[in-house]
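Just below is one structure, and these are the notes that go with it.
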Amino acid sequence: MSTSANGIDPAEAPAGDLGGTAATVERALDVLICFVRSDAPDLGVTELAEKLSLSKAAVHRLLTSLRGRGMVEIDEVTHRYRLGPTVLTLSQSYLSRLDVTALAAPELPWLCRATNETVTLSRRAGLTRYYVEQVLPDRDVVRMVSVGVPFPLHIGASSKAFLAHLTAADAETVLAGPLDGPSGRPPLDPDALRAELDQVRTRGWSHSQSERDLGTASVAAPILDYRGEPRAVMSVCGPADRFRPEACAAALLEVTTRLSRKMGHGVIA
């Protein structure tokens, strides 16, 4: 059993004792962390008591308090506990407040150095998207983008990385047209674009060459949140004659996968 310096079990400290209350809060958090770190979907009182070196009575009181706030819930048949709905609410509240632009900012220079090409970050506004950041490599010929200018979601690697991961309703709104081609070229075929978007979702990144601007190439991948929705898109772009799509995509996915996880993608269902 764990005791404080005065020999009192923290979980049994008087309610009016500030030190005891703080210790009890710490023990309650320890209980929650046990659930997070466990591979099992639920835990029993005895297991938790052994993990935390507390008495079963103390653990039961902690679980009762947590249950009252929806942090854990009990299976009435097995009498085992699992995390409750309030934990999910807290997680979603935290994740929804994350600033993806600030989160991605330190990664942009790294990706630029790794690929030796221009790296951009795009955000979406309705059925358009716009660049919010770009980092240029230290070389004579580079690809530069126009920050803050809206672009349609059906042309270019960054746009299609967004479009491939929108909700079905939003994607169909874009695909319903008009799908004007770039630089006066014919309109895009919606069925061909749907097939390309399927490929983007399968491999995780999009590729374009001379779509918006002749002589340029780009790869792009989304930063997904806990709902699987694209909060931003990161791209690597450069002159087409030297651009290496697969190599740049590998480095890009290393970053976007890491950022997506920080945004909660794959962490909570």
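Numbers for the structure displayed
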{"item": "Per-peptide average of other Cβ atoms within 10 Å, ordering 36-42, 152-158 highest first", "result": "152-158, 36-42"}
{"item": "GluC sites (Glu not before Pro) lying in DSSP loop within the range 74-124, provided at most 14 other Cβ fall within 10 Å", "result": "Glu76"}
{"item": "Rg(Cα) / (2.2 N^0.38 Å) computed for the chain, rounded to two decimals", "result": "1.37"}
{"item": "C-alpha center-to-center spacing [the range 18-91, the range 134-192] in angstrom", "result": "48 Å"}
{"item": "Folded to 0 to 90 degrees: helix 85-96 orientation relative to the chain principal axis, Cα", "result": "40 degrees"}
{"item": "Where only C-alpha atoms are counted, convex hull volume of the range 99-163 per residue in Å³", "result": "88 Å³"}
{"item": "Cα-only radius of gyration and Dmax that characterise the range 147-255, units Å", "result": "13.4, 39"}
{"item": "Rounded accessible area per residue of the range 20-103, 1.4 Å, Å²", "result": "59 Å²"}
{"item": "The range 75-201: relative contact order as a whole-number percent, Cα under 8 Å and 6+ apart", "result": "14 percent"}
{"item": "Most to least packed among 207-219, 62-74 [average Cβ atoms within 10 Å]", "result": "207-219, 62-74"}
{"item": "Net charge of Cβ neighbours under 11 Å - reference Asp225; Lys, Arg +1; Asp, Glu -1", "result": "+3"}
{"item": "Reach of Lys262 by Cα under 15 Å, taken over aspartates and glutamates that are not fewer than 8 positions away in the same chain", "result": "Asp99, Glu107, Asp225, Glu229, Glu254"}
{"item": "Only Lys, Arg (+1) and Asp, Glu (-1) charged, at Cβ; the range 12-143 dipole about Cα centre in debye", "result": "360 debye"}
{"item": "13 Å beta-carbon shell around Arg124, net charge (K/R +1, D/E -1)", "result": "+1"}
{"item": "Between helix 190-203 and the chain: long-axis angle, C-alpha atoms, 0 to 90°, nearest 10", "result": "50 degrees"}
{"item": "Calculated FRET value between Leu103 and Asp140, using beta carbons and R₀ = 30 Å, to 0.05", "result": "0.40"}
{"item": "Apportionment of accessible area to carbon and sulfur, the range 114-269, percent (1.4 Å)", "result": "51 percent"}
{"item": "Normalised contact order of the chain, rounded percent, pairs of Cα under 8 Å and 6 or more residues apart", "result": "14 percent"}
{"item": "Where the range 113-152 is the region considered: accessible area per residue in Å², 1.4 Å probe", "result": "54 Å²"}
{"item": "Label point distance in nm, Cys34-Thr86, each placed 7 Å from Cα along Cα→Cβ", "result": "1.8 nm"}
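The values are calculated or read from the model by the stated rules, or taken from the named source; none is laboratory data. This structure is a prediction, so every number in the text was calculated from the model and none was measured. Don't worry about glycine lacking a Cβ; one is built from the backbone with ideal geometry, like all the others, and counts go over all protein chains shown. Heavy atoms of the whole protein, side chains included, go into the accessibility calculation; ligands, DNA and RNA do not. Shrake-Rupley method; radii C 1.70, N 1.55, O 1.52, S 1.80 Å.
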